[in-house]
Amino acid sequence: MRMRHVAGETFEAYFNDVAERLVITAHAGDARAGPVEIRVVELPYVEDVWLSLEYPGYTGLPPTPPSRSATEIAALAGTQVKVEIKSSKPLLPDGASLELDAASPVPMRPVTDDGSRRLTHEGRFTLAPNMRWFRIRLTDTEGNTNRSQRTFQLRVIEDKPPRVKLLKPGIHTRCTPHAEVSVEVDVRDDLAVR
């Protein structure tokens, strides 16, 4: 393969779609450089992701089942997000983590090592008001990391306080001791009234 002259004593060549080990030796007149070995490695990547939510206890909402299609999470602050992933290849024992924009990385732990799920890891974090996104970082057993990390958007929903309005009795209602008084109240909440 001929090399292209760039400038001065610099030449370059491009190798496209290298799929296996490559050994390069350069010759120029009676000079020789090399051999240089280029090793092709497959970087780890996330093959599958399951996201599920556990809402704060006071909401009374049931947890969501794991979903594969979510790319955005919209939930109340205090919601616990469970992220389960399947990697393309074996990872270091601490080779999976969740990188959050507004918090320290969260380590993911292997789910099991029974062979069929040895590539599955899980991690959890709790939504805070200032969080906007997270990514999944992988490091395989050879020290290679995933380069293209999918970004999951986070939208933290504010839980507004309930609104209570006394409708009956009116402001100037009078009654005798031991009287029964009818009370009517209008209660509204963005989440639920129980």
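The values are calculated or read from the model by the stated rules, or taken from the named source; none is laboratory data. These figures come from a predicted structure and were not determined experimentally. Please note: Cβ atoms are built from the backbone with ideal geometry, for glycine as well, and neighbour counts cover all protein chains shown. Remember, those area values only see protein heavy atoms, side chains included, never the ligands or the DNA or RNA. Shrake-Rupley method; radii C 1.70, N 1.55, O 1.52, S 1.80 Å.
Solvent-accessible area of the chain (1.4 angstrom probe, protein heavy atoms only): carbon and sulfur portion equals 51 percent. Between residue 176 and residue 24, the modelled label-to-label distance comes to 10.4 nm, taking each label 7 Å out from Cα in the direction of the beta carbon. Using Cα springs under 10 Å in a Gaussian network model of the chain, which residue among 25, 176, 64 shows the largest mean-square fluctuation? Highest fluctuation among the options: 176.
How high is the FRET efficiency from residue 36 to residue 9, r the C-beta distance, R0 22 Å, rounded to 0.05? Here the calculated transfer efficiency is 0.80.
Computed with a 1.4 Å probe over protein heavy atoms only, the accessible area of residue 67 comes to about 40 Å². Using only Cα coordinates, the Kirkwood hydrodynamic radius of the chain works out to 22.2 Å. Computed from the C-beta positions of residue 167 and residue 133, the FRET efficiency with R₀ = 35 Å rounds to 0.20. Per residue, segment 1-135 exposes an accessible area of 65 Å² to a 1.4 Å probe, with every protein chain left in place.
Using C-alpha pairs under 8 Å with a sequence gap of at least 6, the mean separation divided by the residue count of segment 30-71 gives a relative contact order of 32 percent.
Candidate cross-link partners of residue 165 among the aspartates and glutamates, defined by an alpha-carbon separation under 19 Å and a same-chain spacing of 8 or more, comprise 184, 186, 189, 190.
Of the trypsin sites (Lys or Arg not before Pro) in segment 9-115, the ones in a loop by DSSP (not H, G, I, E or B) with at most 11 other beta carbons within 10 Å are 21, 39, 68. Could you please report the charge total around residue 85, scoring K, R as +1 and D, E as -1 over all other residues with beta-carbon less than 10 angstrom from its beta-carbon? So the surrounding residues net to -3. Each Cα pair under 8 Å and six or more residues apart adds its separation to the average, and for segment 62-194 the resulting relative contact order is 25 percent.
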